[in-house]
Amino acid sequence: MKVYLHSIGCRLNQSEIETMARQLLASGHEIVDDPSQADKVVINTCAVTAEAARDARSQTRRIHRHNPAADIVLTGCYATIAPNELAQLPRASHVVLNKDKGQLVQLLDPQARIDLPVFDQEPVLREFLAGSVGNTRAFIKAQDGCNNRCTFCVTTVARGEGQSRHLGDVVAEIQALAAAGYREAVLTGVHLGSYGHDFGNKAGLRDLVAAILSHTDIPRLRLSSLEPWDIAPDFFTLWENPRLLPHLHMPLQSGSDKILRRMARRTSRASFRALAEAARNHIPNLNLSTDIIVGFPGETEADFADSLDYVAEIGFARLHVFSYSQRPGTAAAAMPDHVAGPVKKERARRMIALGEELSLAFHEQFVGEVVDVLWETAVGADSHALRWVGYTDNYIRVHGHGPAHLFNQVTPTRLSDPRPNGMSGEIMLVENYV
Ligand code: SF4
């Protein structure tokens, strides 16, 4: 059977699609990167914004146009909050709720083994997994669901209460991936910081990271998004181990205390500032990135100015900026004082512009430095070499020229030419790396 897999949205969705790919490959099926060749299609949907939901509908229609014979299985957060809506889409053969996603491949092949340790596979070339291109990092699901109730968030509606995977399973999966040749693992979850809380362990994430660093050979361990609370006091001492990468993505969402309260975020300007400072004191060259929502209901021009000032003060290395999107079933959707579309658009433009300034300033600090880069994708070729893209340990995107065998290799690289979206790198092959 030929299967086309597509993931929309977060890294947790990505890790779930990767697990499906490994299960299908280990059950003798083929993953194709062109939907017109597929017998079956799986789309892991997202509901975090109206735009993400729209993307799922248009992807389904596009795939159906190119391959009217293929059965399309829709799963994920959008499928969970609006199953009947998605069931109306052309050739939507199954709509699988998040709670049943773990058994999804058995819908495609009842003989497929979902508990099979399928880790004798080479790193899955991600070109085959639509929705993400060419990297060599394995996304590992450690946790699902969330017990918080941020007023804009539909994820808790779609994914339910917080649930942690057993520490031993996560460690075993990462060790098997390291043995299969992966050089980097990314721990993902809906609220990763709450890992272990459902086992009664408030320092669960610290213990999980420590166990991975001591019981696996994975060369690089990265954390995906980490809410800026529920962080154990000694958590940042874990970074004394250089295999834990100096990159923290901590969603702030707004730099205005008034708006943070309306969002029911368990953080404030003061507590976030203290956390950022503690992280920077422990982690050299830290890339601290964040998410910011602009145009939240009730956000005045003064609140937005507060948010801009605070973001500039913290000096994030990277901003993901979202215009507030009204989501069905959330508390914020029923709030008064929604911000007009053109105003949201203008605020997003200004916040993005600030983000680019801050990213450029962050990259400028590393000009001339020789750092390790994990090379992931060849994006083209010149007369003398291939053009590669890779990432430093602190998540700087680097463009460089090099030989064909660089995929999934780590090389010392001299950085130059800072830009908002990355840098250039001269690959220091061993013989001239002094
Ligand atoms: S912490 Fe808030 S934003 Fe994050 S998943 Fe939970 S409810 Fe949503």
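The values are calculated or read from the model by the stated rules, or taken from the named source; none is laboratory data. Bear in mind the structure is a predicted one, so any value in this text is a computation, not a measurement. Heads up, the Cβs are rebuilt from the backbone with ideal geometry, glycines too, and the neighbour counts pull from every protein chain shown. To get the accessible areas, we keep the full protein, side chains included, count just its heavy atoms, and leave off ligands, DNA and RNA. Shrake-Rupley method; radii C 1.70, N 1.55, O 1.52, S 1.80 Å.
The number of Lys pairs in the chain with C-alpha atoms less than 26 Å apart, excluding pairs fewer than 8 positions apart on the same chain, is 13. In plain terms, if you count all Cα to Cα distances in the stretch 239-352 and split them into 5 Å steps from zero, the share in each step is 2, 11, 22, 22, 17, 11, 7, 4, 2, 0 percent. The 3J(HN,Hα) values that the Karplus relation (6.51, -1.76, 1.60; θ = phi - 60°) gives for the stretch 177-185 are, in residue order, 5, 4, 5, 7, x, 5, 9, 9, 10 Hz. Gly and Pro appear as x.
In the chain, the calculated helix contribution to ellipticity at 222 nm averages -9500 deg cm²/dmol per residue, counting -39,500 (n - 2.57) for every DSSP H run with n ≥ 4.
Our summary gives the stretch 252-365 a relative contact order of 30 percent, counting only alpha carbon pairs under 8 angstrom and 6 or more residues apart. Given the C-alpha centroids of the stretch 148-207 and the stretch 230-307, what is the distance between them in whole angstrom? Answer, in whole Å: 19.
Report the full-extension gain for the segment R61 to Q163: residue separation times 0.36 nm, less the Cα-Cα distance, to one decimal in nm. Numbers along the way, then the final one.
Details: separation 102, 0.36 × 102 = 36.72 nm, distance 3.35 nm.
Length gained, R61 through Q163: 33.4 nm.
Left without a cysteine partner by the 4.7 Å Cβ rule in the chain: C10, C46, C77, C146.
Which FRET efficiency value, to the nearest 0.05, is calculated for V379 and M428 with the Förster distance at 22 angstrom and r the Cβ-Cβ distance? Once rounded, the FRET efficiency stands at 0.60. Oblate is the label for the stretch 1-83. Its Cα gyration tensor axes, ordered a ≥ b ≥ c, give a/c of at least 1.5 and b/c at or above a/b. Taking all protein chains as shown and a probe of 1.4 angstrom, I231 keeps an accessible surface of around 40 Å².
Each listed q (0.09, 0.10, 0.12, 0.14 Å⁻¹) maps to a log10 I(q)/I(0) for the chain from the Debye sum over equal C-alpha point scatterers, namely -0.59, -0.75, -1.11, -1.51. Note on S58: accessible area is roughly 60 Å² with a 1.4 Å probe, heavy atoms of protein only. Name all residues of the stretch 55-97 having a backbone nitrogen under 15 Å from the label point set 7 Å from the Cα of S36 along its Cα→Cβ direction, giving them as ranges. Correct set: 62-70. Contact order, relative form, for the chain: 11 percent (alpha carbon pairs under 8 Å, 6 or more residues apart, mean separation divided by residue count).
Using a 1.4 Å probe, what is the accessible area per residue for the stretch 133-245, in Å²? On a per-residue basis, the stretch 133-245 sits at 35 Å². Net charge of the neighbourhood of R91, taken over other residues with C-beta under 14 Å away and scored Lys/Arg +1, Asp/Glu -1, is +3.
Surface composition of the chain: carbon plus sulfur atoms hold 52% of the accessible area, using a 1.4 angstrom probe and ignoring ligands, DNA and RNA.
Which net charge results for the neighbourhood of S424, defined as the other residues with beta-carbon distances under 15 angstrom from its beta-carbon, given Lys and Arg at +1 and Asp and Glu at -1?
Numbers: positive: R387, R397, R414, R419; negative: E364, E369, D382, D417, E426.
Around S424, the surrounding residues sum to -1.
Paramagnetic label reach from A312 (point 7 Å along Cα→Cβ; backbone nitrogen cut-off under 12 Å): within the stretch 356-370, residues 357-358.
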